[in-house]
Structures are given as C-alpha cells and as structure tokens.
Amino acid sequence: MSGLAHLRVLELGGGITAALAAKLLADLGAACVKVEPPGGDPARQWGPFRAGRADPEASGTFLFLNANKRSLVLDLAGAADRSRLEGLVAEADLLVHDLPPMAMAAQGIAFDRFERLNPRLVMLSLTPFGQDGPHKDYAGNDLTLMHGGGWGTLSPGKSAPRELPPLRPFGHHALAQAALHGTVAALAACFAARETGRGEHVDVSIHDVVATLTSRNFANYTYMGKVDRRDDPTAYEPYGFYRCKDGHLFMICAEQSQWERLVELMGSPAWAADPRFLTRDLRGGHVGELKTRISAWSKGWTVSDLFHACQKARVGAAPVYTFAQIEREPHLLERGAFARIAHPVAGELKLPGAPYRLKHPWWSLRTPAPRLGEAAGPAKGEPARLFPPRPSPLPHAPGAPTAAAKAGAPAGGPPLAGVRVLDLSWVWAGPHATTMLAFLGAEVIKVESSKRLDLTRRSTPYPTGMTPGINRTGYFNIINQAKLSIGVDLSRPEGIALVRQLAARCDVLISNFGTGVAERLGVGAEEMLKVNPSLTIAMISAFGQTGPYRNYMGYGPLISPLAGLSVQTAYREDGEPRDVGMPYGDPNGGVHAALAIAAALCARQANGTGGQVIDLSMWECMLGLTYEGWMNHVLGNPPYPPMGNRDPFHAPHNVYACRGDDQWVALAVSEERHWPALCRAIGQPALAGDPRFADRAARKANEDALDALLAAWCRDRDRWAVTEALQAQGVAAYPCLSTKDLAESPQLAARGVLTRWPHPEVGVQTLLGAPWRLTRRPNGIGCAAPLLGQHTDDVLGRILGLDAARRAELRAQGIVE
C-alpha cells in the first residue's frame, strides 16, 4: 500500500471542480467512486472531441479529469438511489461535491445527516459562493467567478488596452484553484479525522479562492488606496512579451543585476547608459521607449536561441509555447512529464503527468476514465462493495508519536494543530504553501535573515504616510500571516546547525532555493533525512531539481508562457499572447506543494511511509491546468483560435460593458435550460425560439450576433442591476470587481475572508485570509504576519531548549537576530 491508498473518496456533482479535486487524490492512490446522473457528467458532452465527432465516452475534458475512477449511475431524485448513496457515504472517508446549496437540498446532500451515518466523514463542498453570505444562492461558473473574484480586472495586465474588456485566462482556472485549495483543506481534515474520529465539513467558495489570489494587488488598495487595473503601466522594464524571428519570448528583470546582465548580453549598446535607464524605478518611467529598443534587438533572435542565451546570462526568460512545442520539449521529456494510458474508445492518450516528482512514487495513472456506469452498484439492501477493503489500521509512523501527540494538540483544534513546518522559502510560491498550512493550524517557523531579505520585504506597498520598512510591506504581510519568524544567518555554519536541529523537531521542511543551493548549504534533502528520517521535504523551483534546465532561473510570470496558457489567452481583436494579470506560477506552485505535503502527512499517518521528498516544478504544475488546450492538441485538432472571454463550447460566454467608466459584467449560459431564462431576464422571451440561437451549437455559430444583442442590452445598465436581473432567473452573472470592490464586498465579509489582525508596526489593516470555512473546528488565521526575528527567542528556547544566556551569545555573534 502506498500514498493515499487508504483513502476512500466519493465524488458527486458534474463538470470540473469536484472532478479535479477527486482526480488529485485518485492520482495519489485514493480509491474514487464517481457518482453520475443518468445522463452522465455534463463534461462528457463538452469536448474537445477528435475531429469534432461528439461522443460522451471520448470527451477530452472528461478523459483528463476522470482517470483512476469508477463510474456509478444514481438518480438522486429517487429514494432507492438515495439509499444506495447513503451506503457509500457510510464507507467513504471523503465526499467531494460541487452542488450549490439549493441543489444540495434537492438531492438530499446534508452533512448533518451524513455525519450520523459516518462520524469520521469529511465532506468537501466546492460551490460558487459557499454555504452562506448574501450571494450563496447565486449561480456561477468559471467566467463569472474569475471576474467576480477580482482576477479579471487585473488581466491581461501591464498596459492592456482599456477599451478592451478584462480578460479571463483561457481555461477554467477559478474552478481549478478552488479544487486545489479545497483538496488541501480536505486532506488536512482527513488527517484530523483519523486522529480524533471526528469528521468535518469543509465549505469552499470558489469566489473566495479567486479573491485571495489577488493578494498583493489587494494589499495595494488596503495599504495605500491604489486600485490596480489591467491597463496600468509596468513598474519596470523589461517585463512582458518580446517578438523574435519565429515567435515570442517573455522576459523579466526583477533585480538590477539582471538588467545589467541583459545589457551585457545586448552588447552594451550606448543607449543603455542613458541616465534615465540606470535604475529599475527610473526605467519604469520610460517603459515605452525601452520596449521599442529591446524589441528591435530581440527580433534578430530565434525564440529558442534567445531563451537559452538569457538563461545562460541569468536573465529571466521563457518561450511562449504552443502545445505542439511543449510535447517536444527536451526538459519535460527527460523529467517524464507526460503519462500514457489506453482508453477503450479514445485510444492511446498522452496526458500531463505528475505535477511533482516523489521519492516514494505514489502518483500514477492506473486506469483510464470510466465509461458511464462502468461500476456495478450494489443492489438495494446490500452492503456497498465499490470501495476496496479497508487496510489494517496503522495509526502512526513506526517508532514515533504523531505530530499532534508530540505537541499535545487539542482534539477540537484546527486540523493540522501539532504539525510543525520549517519554512526556508521566500517570495510567493513557498510562502503560499506554508500560509495554507498555517491557516489549517500548523505551526510554521519562517527562517529569515536581514542579510538576505525576502524580496517581498523589500517591495511595496507600504501604508500611506508611513516610512517604508522591512516589517511594513503589505506584500509580505498578506502572504505570511499566522507564521512565526526567526532570524538566522544561513551563511554561518552555526546558523545551519540551528536549522538542522529544528528540522529534527519538525514534520515538514519546505524551500525554494535555486537548484543545488540547499545541498551546498548542507540542508539538502538527503542530509536532512539523516537528521529526521520521517521528515516530509518539499523543494519548489520553476524547472525542477533534474533535467537540462534545472539550473535555469524562474519567476511566477514565466510559467504561463511555458505551459501554453499565454498563447491561448488572447483577444480576438489581435491574437497576441497575453499575460494573465498575476505571477500565476507562484500561487499555483505553492498550492500544489501544500497538497503534496498534506498527502504525505496523511500517508505517514496511515501507513508509516515517512521521508517523502517532493521535487516540484512550477512548470509541470501548470501543465495539468491547461488540459483543454492540451487535450485538443493530443486528439489531433487544430489549436483553438484566440477567443477572448468566449468558451470553446458554450455561448453566450462573455464580458459586456455597463454604465460607467470601465464597468463590466460577466455572464454565461452553460446549461441549455438557462438560455430561455436569460431571454426572460432581458425582456425578450421570444428570442428563445429564434433559430439562430435554438441550441448551443446554433448559438456558437451565431455568437457575434448574440454578443452584439447582449452588449446593447447591458450598455446603459448598472452592472449590479444586470447581475440581479439575470440571477433572479438563475443565470450566472457577476460584475467584474476591482480590489476596492473586494475590500467592500458584503459576501467576503460575511464569509470571514477579510482579516483585520493587529500588527506591531502597521496597526490594523484589512487583508485576505483562508478561502474555506470549517464547521466542526475553529476558523480564522490567528495572528498577523511576523516582524523579522520576532519569535527567535521563543523558538530557540521552547523548541531547542536553549537558555537565555546561550540565546544572547548567538545574538551577540550575529548568528541569530
């Protein structure tokens, strides 16, 4: 037995969110039963299909999301099938669903009742707006939640044309991020349920998840009143896409030294010595001219040559790849980034593989996506046999008490109470992972030094009217809440010795050093496992710890171009590749790391497998979220054309201008019953019978006319009036919200997402907290982000047992601060 083989997962709903959450667990070994309605999961109808030939057993979306599962058809409108469902609930460890509250009630999905059948059950609810708040019954889909959560207003970012609407990144990233973040919380709840025998209802709002990803942009508003938008100029240059002979390259110089190396690579042209370009801040005032000059130089290169030349010079760069290019990428091939599986209808498929390389290789594709109803359900009155027999219990790793027992964690505390995490990461990817663990109750000890300040401690925003300082930046303070900070000089052997001593008393170690740095410091995986064989170690990097690009540098913004997301995220008007409005590779890599860590903790608890090492490539993490474009490619179809906010399958599906300056509303019809409802909402019920719009295929064929009609209806109306009119008919619609709107959102306030913890230097500031609600355990994040070294004495004394005299000696020697 390995990985999550002890875990029994029951999936309900249809589409993407619950299916992806269950897939993440099934790929790590969990047994998963997928309950489908009599007509099957709607994703079976969406495609993409090979050569456009629709077949519910061969939809690319369904094939990707549902490997490693069994399919059971139940009609939950009937008492008999509800009884069969209850039999499965009694056997399951985790129930995952994406049914909104009203649908839950209609189908009898209620945690209070299920908990009586199975007191250890964890239920993960993934819904548009959660189980409470004024908008809990609003309809939502990826388009409306992406824009309603504030991400859309930032996208495509960096001097985008203001006359064009906010742009959704191609795919379903709002739904995917909800699945990822929800699965982290669900695994933590399963960990606690095994310890305590007490289950949990994890309530995840997709809207909340998207809002929390705005992070630094949100702090820009609450700290200094700045509302970030997609047409804001870049703060520095180079940043963005540069045309080459045969495509585009994305370049970024976040540090002055990188700019100086780029100038040298360009041959040190005379113009680069202009005083206007000497510093990053000065360059930010002359972005247009610099863009023109650098572009003139980049056009003399091929994408591949310039990519490798930049990386050799230690300048951040990434090709804007198509999926055909991704499939041939030597680095991905060497790392085994793809997995093959044979499907009885679709044939042999090449799918994105594991998002991380594991020392204990739990991830695998064992079975293809199931045919509808492939698993024979138990007859009425018979016990459920769809799940494998339960293994003999092994409650703790051999030879060691659980983390919870070590810390004396209370049974009623948060799910990861007693788990201790040593955090050597910085910037956003690693800190995002450890923040998720801290929000779930883990004790996170962040190791820092004023000699190598976290980049986020050196970045804006600072509170208006306050002198900048390393403890005062909103960027650091929003992504490091609920952590402890110790100041340790890792350039000193004595500092490394302290880290090793701490690692011996921790459950998790996480870092995002450049490849090879941890080993040179003496805190590499093999060395640290000698110190603590049961330690879970996560190493985050852009390209991974192996492969020909392992030493290449990477930033979050480089990952979307590499993974095929930027080439598909484009306006129909010009087709140019676009940024997605945030350094998406960072939080996506971070949440994947948190998920792998939570899975490793569960595996150690259940089967004694400690010492897991997670080699996480942010590039490979993103490949699994660009599955629509990838599946379209591997099924032999031409690439999707640039489509802006449109969808390959559904119409209408767009963003429309409303009354006021830069005011927009997103609306979409993804179920046939919603089309006549929309027609009623706009006061044109007869439009439902118009043959141009009679069904989904007809609406897609006449989408220009449909968009023109809806644009005219929205143009002179208030965005909230449009939203309310459509939602009254059950149609998904929501305004495109700014960070100011989020800070003032009654929905986020009701959900407890807005946090206001007192901070020693900046006072009380509004930030964003956990994107989930627990119903049987405490919610809330506990405290503000730490000052640098705020907890050094506490950690060295309480955990390492160093007395005051020894701590003072270390401080006097400059080893700690």
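The values are calculated or read from the model by the stated rules, or taken from the named source; none is laboratory data. Keep in mind it's a predicted model, so treat the numbers as computed, not measured. So basically every Cβ, Gly included, is an ideal-geometry build from the backbone, and we count neighbours across all protein chains shown. Protein only, heavy atoms only, side chains kept; ligands, DNA and RNA dropped before computing areas. Shrake-Rupley method; radii C 1.70, N 1.55, O 1.52, S 1.80 Å.
Here the accessible area of the chain is 53 percent carbon and sulfur, with a 1.4 angstrom probe and all protein chains present. A 1.4 Å probe run over the chain, with the rest of the protein chains in place, finds 34 Å² accessible per residue. Taking every protein chain into account, the 1.4 Å probe leaves TYR552 with about 50 Å² of accessible area, to the nearest ten.
The chymotrypsin sites (Phe, Trp or Tyr not before Pro) of the stretch 67-155 include none that DSSP puts in a loop with a beta carbon having at most 11 other beta carbons within 10 Å. Each of THR515, GLY465, ALA185 was scored by the projection of its Cα onto the charge dipole of the chain, and the greatest displacement toward the positive side belongs to THR515; charges sit on the C-beta of Lys, Arg, Asp and Glu. Reported to the nearest whole Å, the Cα centre-to-centre distance from the stretch 19-39 to the stretch 532-568 is 27.
Looking at the stretch 647-725, the GluC sites (Glu not before Pro) that sit in a DSSP loop and have at most 14 other Cβ atoms within 10 Å of their own Cβ are GLU672. The label point for GLU724 and the one for ALA309, both projected 7 Å from the Cα toward the Cβ, are 5.9 nm apart. When all alpha carbon pairs of the stretch 1-131 are counted in 5 Å bins from zero, the resulting P(r) reads 2, 11, 20, 23, 20, 14, 6, 3, 1, 0 %. Distance distribution P(r), the chain, all Cα-Cα pairs, bin width 20 angstrom from 0: 16, 51, 30, 3, 0 percent. Compactness of the stretch 575-635 was expressed as the Cα radius of gyration divided by 2.2 N^0.38 Å, which yields 1.50.
Quick check on the stretch 720-806: take the gyration tensor over C-alpha atoms, sort the square-rooted eigenvalues as a ≥ b ≥ c, and tell me if it's rounded (a/c under 1.5), prolate or oblate. Provide the component values of the computation, followed by the final result.
Details: a/c = 5.02, a/b = 2.72, b/c = 1.84.
Note, shape of the stretch 720-806 comes out prolate.
For the pair the stretch 254-300 / the stretch 709-744, the C-alpha centres are spaced 42 Å from each other. Ignoring aspartates and glutamates fewer than eight residues from LYS291 along the same chain, the ones with Cα atoms less than 12 angstrom from its Cα are GLU237. Note on VAL517/LEU333: beta-carbon distance plugged into 1/(1 + (r/R0)^6) with R0 of 25 Å gives a FRET efficiency of 0.45.
Modelled label positions at ARG390 and GLU348, each set 7 Å beyond Cα in the direction of Cβ, lie 4.2 nm from each other.
Show me the helices of the chain, taken as full DSSP H stretches, that run 24 Å or more along their long axis by Cα and average 0.5 or above in Kyte-Doolittle hydropathy.
Values: long enough: 173-196 (34 Å, 0.80); 585-607 (32 Å, 0.38).
Answer set is 173-196.
The modelled label-to-label distance for the pair ASP803/ARG280, using points 7 Å beyond Cα in the direction of Cβ, is 4.5 nm.
Taking the Cα centre of the chain as origin, sum charge times position over the Cβ atoms of Lys and Arg (+1) and Asp and Glu (-1), and report the length of that vector in debye to the nearest 20.
Numbers: 84 positive and 79 negative charges, 221 e Å.
Around 1060 debye, computed over the chain.
Return the Rg/Rh value of the stretch 104-174, two decimal places, where both radii are evaluated on C-alpha atoms and Rh is the Kirkwood radius.
On the way: Rg = 17.6 Å, Rh = 15.0 Å.
My calculation puts Rg/Rh at 1.18.
Could you order the peptides 342-351, 195-204, 751-760 from most to least packed, using the average number of other C-beta atoms within 10 Å per residue?
Working: 342-351: 15.1, 195-204: 22.4, 751-760: 17.8.
Peptide ranking by packing, descending: 195-204, 751-760, 342-351.
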